[in-house]
Amino acid sequence: VAELRPVDGPAGRSPADPSLQRVALLVAFVSGLTSLGYQVLWTRLLASGTGNSTYVFTLILGSFLLGIAFGAVAITGRPPRRDRVVASLALVQAGIGLLAVVGVVVIGGQLISPDFLTKVLLVILPTAVAIGLSLPLASNLVGSTDERVGGDTGLLLGVNLAGTILATFAVPFVLIPRIGSPTAVILLASVNIALGIFLAAPAIARRLQASDARADR
């Protein structure tokens, strides 16, 4: 897993904006919650009818980790400008949700009927790559001074872990029995999309205000 550090700029910067730190922690929590949730749900959906749950779990886990690692390396190698980090996070979160919804369609064979391996590649890898972008991007909003970067990064990882722990219990013991696996995927996707809209809303509002100001001149 790529080292969590600011994706641009040297250590020793001025302290980060507290509101941006809260955004980073929210993204970290949702990323942990939904990523673990998707993994559990994909395993359940894709294992149905295969007769080899160990093989299915291993392949899904391997694809999931590979996708996350690729996404983390990609964003670390080509980071956005610092003033574009929140916008990038908004696009990534919305993209995760949309890819997860498409994955439900692919798994259900409603558009195409691929074999098991093709389903794994089409459903898991793209979404996992997008998930892998989230935490490195969010880390750019918390690391501030040399004295605080360790604690801030540890807090980010701790919140991300809290999300995964919640998903470990909530998805198999609450969501699946009550609403079923496909609907649970849609619910998690809705969380990602809603977060993307929430992150993009201030920028959209500013752009609309600027457009109105130009129109009044």
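Computed quantities for the displayed model
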item	result
In Hz, Karplus ³J(HN,Hα) per residue of region 83-95 (6.51, -1.76, 1.60; θ = phi - 60°; x = Gly, Pro)	6, 10, 5, 5, 4, 5, 5, 4, 5, 5, 5, 5, x
Longest to shortest principal axis, alpha-carbon extents of region 64-109, angstrom	40, 22, 10
Q209-L166 FRET efficiency (beta carbon distance; Förster radius 35 Å; 0.05 resolution)	0.40
q = 0.23, 0.32 Å⁻¹: log10 I(q)/I(0) that the Debye formula gives for region 166-206, counting C-alpha atoms only	-0.72, -1.00
Under-5 Å amide H pairs with N140, H placed in peptide plane, nonlocal only	V7
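Rule-based calculations on the coordinates, nothing more; no lab input. Nothing here was measured: the structure is a model prediction, and the numbers come from that model. A quick note on method: Cβ atoms are made from the backbone with ideal geometry, for glycine too, and the neighbour counts reach across all protein chains shown.
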